[in-house]
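The values are calculated or read from the model by the stated rules, or taken from the named source; none is laboratory data. A quick note: this is a predicted structure, and the numbers were derived from the prediction, not measured. Glycine also receives a Cβ, built like all others from the backbone with ideal geometry; neighbour counts cover every protein chain displayed.
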Amino acid sequence: MDFYIVVVVILLAVALVDLVVGVSNDAVNFLNSAIGSKVASFQVILSVASIGILLGSLFSSGMMEIARNGIFNPGFFTFDKLILVFLAVMITDILLLDFFNSLGLPTSTTVSLVFELLGAALVTGLMISFDRGNGLETWKEVINYSSAITIISGIFLSVLLSFIFGSLVQHVARIIFTFKLKKTLKKYGAIFSGLSISFITYFLLIKGVKGSSLVTDEQIKWIMSNTWQIMVVSVVFWSILIQVLMWWKDVNPLKAIVLMGTFSLAMAFAGNDLVNFIGVPVAGLVSYQKWSASGLAANEYTMEILSSKIVTPYWLLLIGGLVMVLTLWFNAKSRKVTQTEVSLGRQEEGDERFKPNIVSRALVGSGLWLGRKMEMIMPKSWSVLLSTRFEKDHSEVAVQDAASFDLIRASINLLVASALIAYGTANKLPLSTTFVTFMVAMGSSFADQAWGRESAVYRVAGVINVIAGWLITAVVALFSSGLLALIMYKTGEAGPLVLAAVAAFLLIRSHVAFNRHEAKVKDDNKLLELKQFNIQLALSESKFNTVKALTIVQLAVAHSIKALMNENPDVLKKSRGELSKLKEQNDKVDTKIIKLVRKMSKGNLATGRLYILVFDKMQDLYQSMQLISDIIFTHVTNHHSAPKRRYSELMNTIEKSAGEFIGHAIQLIEVGKPITAEHEVKYNTLISLLNNSLDNLVMDVQKDEIGNRMGLLQTRLLLEFKDIIECVHDLPQLYQELDALPAEKNINTGL
């Protein structure tokens, strides 16, 4: 089979994969407001978005935008070289987007594709130049660097403006509507809805269908020249209609705004970004067709044809739209990316995905300082008035406690994002849909006081991570695609095929690993997701985690003592590895223990108290083992003296006895038996051994028979081992008390 036919087939196959990973990443742009506000069921939201995607794919301009946007000069390349550029771009794109999807971070598919083209075309162009006997100076003939600079400046512009406008508009909207929507919506709902729907309609006209072959240039020109008239008529019409519906049917107009905004953003996404995903493979297919018809050799046919308009067949656009819809419904990674944005903007406290860093702490600290200064300047009456406008209506919150934010914020997110994107498109400003929608959502959550002092440092850290990911996308895309292009250029026909196979393997492995991880996360959160709290299930999960923790401690004790006796820090790595597992498990329990206690019935104090005490023992075990590990690691790595034979034998005895005692405790917890006399004997024997050893140590210190370092080492180890034994002794007793509590298997908490 012809090598170039194989490459074109690979490009088309990769296009389907790129659609999947692209939609997984960009679904957050049009789903986050609807999902976060719980405007409708998940199936209804996906159905609305699916219709928008299908219509958007049919309204797509069908033009290969990337190939003719000035990133590189196609006429500089011959067919055999340019087809390698396209393949390098697509392989890089699917791997890069899949990586971000696995992390749950939204990034810009347009930026990634543009910089991939930039990197692959630059490297390939320079290789061609070197083969022709030229130098680096020919890069200006290959690349239009001004396009890259424009895109980068567009990133910063869209990030800054979107956050500012999102904050300002949401702040004003919340002052007007407050959180008591039942009252304020009757007063201002109609005019607000009229404005919102008008802006969304304008966005749909400008961004959704502009450039489509189904809409003529004259029609677009008429829309642009009559913008104000269209907006005024639209506002009046929709305001009157909404007011009538509110009087007649008592409808909530905000739901219509959110669903219509979701539809319009989904349609615009498909209409504009679909060709980004399949444009490069289509350009490869067109290039192959033109070259085949030319009768020239592959290394003689130059590609000026790509500088002109290239129309994508509508059957390809429809297939692309269907693939995007299926991805939306069945791909779990798209939901993970959406969850990231929703969690960063949610109104209430909860689990925080991101850890605070020095930048987030500095920004939050500066914000608090500025807020205090503003309070000093602002008249007290103003401050009191504003604070009342932001008071929560707990009766309304209770009804929709499953929502991350209310319909006002969801409407503002869609309204401001639509207005900014439509304005940018009309004025040819390089705004990214991903950047705008994400930063508007962050700005509105900031203005809505969702970033309270309990969560601000985590939310800001999350925003910083996402923005850093956008910038990293450009850099990684540039260098990765350039590297792949270089490998393909130098390895002949074998290189591209091998790289395509490696990419397929990495994608499959990523998919399997992601599904395994998500299944584990779902299993870990199974108890929290129950609407009725099940004590027996909670007890079973707690026992499982405790047994797992005790097994880890058992291994860590053995490895730690072995490392000390043999003066081998490498053995300690096993202990530290086990401790990292214990910390990870404790962190997971830590994030949900208060939620579990809250879900228990209000009168069930004993269960809540015992549940917390078990967790406290787990924390104590980890802290004691971490101290033992750190003490031994410091002693061994600093090459301090090895313990004397008498002390070495003592440590081996303690390690063996402690291991047996922990094993016995595990059996008691697993089987649910009451504490036996044998367990108490083992405990008393171990405690006596540790107490006697401490007495002997005190005598050795007083007789000056032991050095400071060794004395400190032995003291710390004996004390921490004593703490571990006491914790292990208490755990079966706590579970015995839990088992003895009255059986309240299913306690309805109303969640």
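On the given criteria, is Val476 modelled with pLDDT of 85 or more and among the aliphatic types (A, V, I, L, M)?
Details: modelled with pLDDT of 85 or more: yes; among the aliphatic types (A, V, I, L, M): yes.
Against the criterion (modelled with pLDDT of 85 or more and among the aliphatic types (A, V, I, L, M)), Val476 qualifies.
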Would you check which residues across the range 73-120 are at pLDDT 75 or above, farther than 23 Å from Lys290 by Cα and of a type in the set (A, V, I, L, M) and list them?
-> Ile91, Ile94, Leu95, Leu96, Leu97, Val111, Leu113, Val114, Leu118
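Is it the case that the range 218-230 has a residue that's within 25 Å of Ile51 (Cβ to Cβ) and modelled with pLDDT of 80 or more?
Taking the range 218-230 as the starting set, the residues that turn out to be within 25 Å of Ile51 (Cβ to Cβ) are 219-220, 223, 230.
Then keep just the ones that are modelled with pLDDT of 80 or more; that gives 230.
Yes.
If you go through the range 102-113 one residue at a time, how many are part of a helix (DSSP H, G or I) and crowded, with 24+ Cβ neighbours inside 10 Å?
Just the residues of the range 102-113 that are part of a helix (DSSP H, G or I), to begin with: 102-103, 109-113.
Okay, now just the ones that are also crowded, with 24+ Cβ neighbours inside 10 Å, so 109, 112-113.
Residues in the range 102-113 being part of a helix (DSSP H, G or I) and crowded, with 24+ Cβ neighbours inside 10 Å: 3 in total.
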Criterion (assigned by TED's automatic domain parsing to the domain that holds Thr201 and modelled with pLDDT of 85 or more) met by exactly one of Thr312, Thr262 = Thr262
Find all pairs meeting these conditions: Cβ atoms under 7 angstrom apart; at least six residues apart or on different chains; first residue within the range 630-651 and in the same structural domain as Leu697 (by TED's automatic domain parsing) and of a type in the set (Val, Ile, Thr); second residue at pLDDT below 80 and part of a loop (DSSP other than H, G, I, E, B).
-> Val636/Glu567
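Report whether or not Gln733 is part of a helix (DSSP H, G or I), under 46 Å from the mean Cα position of the chain (by Cα) and more than 26 Å from Ile632 (Cα to Cα). Explain how you work it out, then say what you get.
Numbers: part of a helix (DSSP H, G or I): yes; under 46 Å from the mean Cα position of the chain (by Cα): yes; more than 26 Å from Ile632 (Cα to Cα): yes.
Considered against the rule, which asks whether it is part of a helix (DSSP H, G or I), under 46 Å from the mean Cα position of the chain (by Cα) and more than 26 Å from Ile632 (Cα to Cα), Gln733 comes out as yes.
Which of the residues spanning the range 652-665 are in contact (Cβ under 8 Å) with a residue 40 or more places away in the chain and among the small types (Gly, Ala, Ser)?
Residues satisfying the conditions are Ala658, Gly659, Gly663, Ala665.
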Which members of the range 241-253 meet the condition of being exposed (fewer than 13 other Cβ atoms within 10 Å of the Cβ) and part of a helix (DSSP H, G or I)?
-> Val244, Trp247, Trp248, Lys249
